Amino acid sequence: MDRRRSEPTALSPILGSVVIVMSVRGHAASKFVTGKQLASSTGRGWTNMLAERWSHAVGELTPVLTRDTEIDVLLSGGTLVDRKWGGLRQTTSGRRGSLWIVPAGMREDFVNVQRPAHDCLHIFLPAKPFTDGILQDLDIDPARVRLRYEAVSYDPFVEQIALAIGRELESETSSGRLFIESLGNTLSAYLLHRYSESTLNAKPQSDSVRPMDHRRLSRVLEFIDVHIDENFTVADMAAVACLSPAHFARSFKTRTGQSPHQFVSRKRLELAERMLLDPYRPVSEIALSTGFSSQSNFSRAFRNVIGMSPGDYRASQIRLRRTTN
């Protein structure tokens with residue numbers, strides 16, 4: 001079984017509907033034959049993105065027909081990349097924040113790494129990262145959407161998104177899936193507006209976002225409480241509130257002071273603390289129930305926030321109860 005594929009899944013009995021998860025397989029193993037994979041989001045359950053960190057030696061890469069949209073971002077150091085497609089040749093002296101865009105459905109004529117790239121993040125997005133409905137919500141005509149084959153010497157906005165993805169890849173958090181979903185949507189929207197073949201006019205946004213009303217917020221909070229140990233998405237929460245994902249995220253933060261992923265992260269940490277009070281519940285089970293792909297990732301994140309390992313926290317709470325009884 002190819003674990004890099006995110007299969008469509010059904011979720012959210014509250015919604016009474018099926019949520020389709022976009023499939024992102026990537027093609028790094030076939031293309032980057034001179035490189036070495038350093039990390040991968042495979043197995044993390046990310047719904048709209050596959051991310052991999054690679055180190056690349058000098059040499060020519062293998063041309064592949066891209067199924068997904070490929071965004072390559074240099075995270076540190078420098079490189080020199082020569083590539084060609086459709087008569088367009090691009091030679092880029094890369095530095096931190098340089099990026100290379102390969103739209104879906106394209107086969108490059110050649111790619112030659114002339115100076116090694118020791119830390120590069122390869123982001124694979126769905127060939128069609130947004131549904132027609134979301135594109136229209138962004139005031140974009142779906143028929144005009146196609147990214148350019150582009151090499152960019154420096155883009156600070158994409159650099160910051162790539163660094164955030166890299167941090168989540170290195171140290172998983174309890175709401176990492178929600179965080180990555182939001183980053184994927186933000187990155188997709190930015191790429192469409194900045195590097196589309198056609199000029200796209202962004203819909204102006206009001207400086208002030210209206211806070212979510214009490215009725216919608218109550219439904220969302222109930223949904224979070226019921227599904228806190230499940231792999232739900234920002235889109236699921238937005239559907240509960242009957243808002244678009246982008247509008248929901250802004251309105252939720254205005255009302256609560258926290259982004260959706262920050263709010264869910266806090267709730268899952270509270271759940272982990274409660275579950276650890278049961279001395280017979282395995283830590284591996286708690287890790288899965290609080291959104292982590294492995295016990296080791298859960299333990300690392302728990303220690304970073306609480307200041308001690310889950311085992312030490314459990315022992316300290318047991319001692320505390322004994323002294324108070």
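The values are calculated or read from the model by the stated rules, or taken from the named source; none is laboratory data. Values in this document were obtained by computation on a predicted structure and should not be read as measured data. Cβ coordinates were reconstructed from backbone atoms using ideal geometry, including for glycine residues, and neighbour counts include every protein chain displayed.
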Checklist entry - Where residues in segment 33-47 are assigned to a loop (DSSP other than H, G, I, E, B) and in contact with a strand residue (DSSP E or B) (Cβ under 6 Å, 6 or more places away or on another chain), which of them is surrounded by the most Cβ atoms within 10 Å (Cβ to Cβ)? => result 41
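Quick one: which helices (runs of 4 or more DSSP H) sit completely within segment 260-314 and have at least 3 residues that are of a type in the set (Lys, Arg) and within 17 Å of residue 224 (Cβ to Cβ)?
By residue number, 260-275.
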Item to check | Selection from segment 20-39 of residues that are modelled with pLDDT of 90 or more and farther than 14 Å from residue 125 by Cα | outcome: 29, 30, 31, 32, 33, 34, 35, 36, 37, 38, 39
Next on the checklist: If I filter segment 196-206 for residues that are over 30 Å from residue 149 (Cβ atoms) and either touching a residue at least 24 places away in the same chain (Cβ under 8 Å) or not aromatic (Phe, Trp, Tyr) (or both), do I get at least one hit?
Outcome noted: yes
Checklist entry - Yes or no: residue 12 at negative phi and either at pLDDT below 95 or assigned to a loop (DSSP other than H, G, I, E, B) (or both)? => result no
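Hey, among 202, 127, 162, 151, which residue is modelled with pLDDT of 75 or more and in a loop (DSSP other than H, G, I, E, B)? Show your work before the answer.
Values: 202 fails: modelled with pLDDT of 75 or more; 162 fails: in a loop (DSSP other than H, G, I, E, B); 151 fails: in a loop (DSSP other than H, G, I, E, B).
Just a single option satisfies the conditions, and that option is 127.
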Checklist entry - Checking residue 136 against (1) more than 25 Å from residue 185 (Cα to Cα); (2) modelled with pLDDT under 95, which test does it fail? => result (1)
Item to check | Complete set of residues in segment 179-193 that are more than 18 Å from residue 50 (Cα to Cα) and crowded, with 16+ Cβ neighbours inside 10 Å | outcome: 192
